[in-house]
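The values are calculated or read from the model by the stated rules, or taken from the named source; none is laboratory data. Just so you know, these numbers come straight off a predicted model, no measurement behind them. FYI the Cβ positions are ideal-geometry reconstructions off the backbone, even for glycines, and counts take in every protein chain you see. Protein only, heavy atoms only, side chains kept; ligands, DNA and RNA dropped before computing areas. Shrake-Rupley method; radii C 1.70, N 1.55, O 1.52, S 1.80 Å.
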Amino acid sequence: MGIAERKEREKTEMRDLILQAATELFVERGYDDTSIRTIAEKIEYSPATIYLYFKDKPELFHAMMDHAFSLLIEKFSVVDKSAHPIEQLRQLGQVYMKYALENPALYDLMFIMRKPMDHVACAEDWDCGLQAYHFLYTIIETCMQQELVRFTDAHVGAITVWSHLHGLIALNLRGRFVMIPEEMHAPLIQASIDSIIEIIQN
């Protein structure tokens, strides 16, 4: 391996180390209570080292979000593209729910916390989120083309379905299902997914 290749690998490894430490601290302490200095202390480097890779905390968080969304998008790839569009929609909902329930703290950072979105000036600045949204939008659009759902606008359809599922997950993650036995939480959310799909169909 040449010197240039070794330096590039070391640079990638350092960036990954910073992102891993930042993710752990954001999950543990929250966005506001995590600083560049605390991240630097965790990896035992100076804050100046982190600034070589990220100009500020919002940019670092955005990179972490990119990684988190890439994991979610990878999960979406298991949806059977040859299946009936309604079945694809159901599978996508199941994958989304599973990801949220298995990664509650990360989901909170991705979809609930407001602070990281403050630096997003336009849609293109949140490309990772747009890619994930595109999966749902495309399925809704296909359902509309085949007259399988009641929607006349694919964005309205996608936001409606997403909001329904996100609301269920957020209520669960914020402990608002305390009146329901814990073992019933996941089945309840799944049943609600099935219900919203039934409601939107023609």
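Rounded to the nearest 10 Å², what accessible area does R37 show when all protein chains are kept and the probe is 1.4 Å?
150 Å²
Taking 0.36 nm per residue of separation and subtracting the Cα-Cα distance, what length does fully extending D194 through M113 add?
Gain in length upon complete extension: 26.4 nm.
Anything in the chain that counts as a DSSP H helix reaching 20 Å or more along its axis (C-alpha) with Kyte-Doolittle mean of at least 0.0? List them, would you?
Membrane-span-like by this rule: 57-76, 127-145, 154-173, 185-200.
Name the shape class, rounded, prolate or oblate, that the alpha-carbon gyration tensor gives for the chain, where a ≥ b ≥ c are the square roots of its eigenvalues, rounded holds for a/c under 1.5, and otherwise prolate holds if a/b is larger than b/c and oblate otherwise.
Since a/c reaches 1.5 and a/b is larger than b/c, the shape of the chain is classed as prolate.
Taking the dipole about the Cα centre of the range 1-87, with the C-beta of Lys and Arg at +1 and of Asp and Glu at -1, give me whichever of V27, Y51, I73 is farthest to the positive side.
Working it through, the farthest residue towards the positive pole turns out to be Y51.
Mind checking which lysines have their Cα closer than 27 Å to the Cα of K11? Skip sequence neighbours fewer than 8 apart in that chain.
K42, K55, K57
Using alpha carbon coordinates only, what is the Rg to Rh ratio of the range 1-103, with Rh defined as the Kirkwood radius?
1.13
Quick one: check the C-alpha center-to-center distance for the range 1-47 versus the range 163-192, whole angstrom.
After rounding, the separation between the Cα centres reads 34 Å.
Between beta-carbons, use under 15 Å as the cut-off and find the net charge around E41, counting Lys and Arg +1, Asp and Glu -1.
Numbers: positive: R29, R37, K42, K57; negative: E24, E28, D33, E44.
After counting each charged neighbour, the total is 0.
Could you work out the local net charge near Q94, counting Lys and Arg as +1, Asp and Glu as -1, over the other residues with Cβ closer than 14 Å to its Cβ?
Combined, the nearby Lys, Arg, Asp and Glu give -1.
Dipole magnitude of the chain about its Cα centre, charges +1 at Lys/Arg Cβ and -1 at Asp/Glu Cβ only, in debye to the nearest 20?
200 debye
Is any residue of the range 26-62 close enough, with backbone N under 11 Å, to a label point placed 7 angstrom from the Cα of A105 along the Cα-Cβ axis, and if so, which?
Flagged as within label range: 26-30.
Using the Kirkwood formula on the Cα atoms of the range 119-202, what hydrodynamic radius do you get, in angstrom to one decimal? Mind showing how you got there, number by number?
On the way: mean 1/r = 0.0692 Å⁻¹.
Its Kirkwood hydrodynamic radius stands at 14.5 Å.
Roughly to the nearest percent, how much of the accessible area of the chain is carbon and sulfur, given a 1.4 Å probe?
54 percent
Given springs between every Cα pair under 10 Å in a Gaussian network model of the chain, which of M65, M144, M184 has the largest fluctuation?
Among M65, M144, M184, the largest mean-square fluctuation in the Gaussian network model of the chain belongs to M184.
Positive end of the charge dipole of the chain (Lys, Arg +1 and Asp, Glu -1 on Cβ, about the Cα centre): tell me which of S195, Q131, Q145 has its Cα farthest that way.
Among S195, Q131, Q145, the one farthest towards the positive end of the dipole of the chain is Q131.
Mind checking the full-extension length gain between R15 and Q201? Use 0.36 nm per residue of separation minus the Cα-Cα distance, one decimal, nm.
Taking 0.36 nm per residue and subtracting the Cα distance, the gain is 62.4 nm.
Hey, what's the Cα Rg ratio for the range 3-51 versus the globular rule of thumb, 2.2 N^0.38 Å?
For the range 3-51, the normalised Cα radius of gyration comes out at 1.24.
Testing the spin-label approximation: label points 7 Å from Cα along Cα→Cβ at D66 and I159. State their distance in nm.
Each label point lies 7 Å from its Cα, and together they span 2.7 nm.
Which one, T142, T38, T12, has the greatest fluctuation when you compute a Gaussian network model over the chain with C-alpha springs under 10 angstrom?
Between T142, T38, T12, it is T12 that shows the largest mean-square fluctuation.
Work out, step by step, the length gained on full extension between R6 and I73: first 0.36 nm times the residue separation, then minus their alpha carbon distance; give nm to one decimal.
Computed gain between R6 and I73 is 21.1 nm.
How many percent of Cα pairs in the range 151-200 exceed 16 Å?
Working: 530 of 1225 pairs.
For the range 151-200, the share of Cα pairs beyond 16 Å comes to 43 percent.
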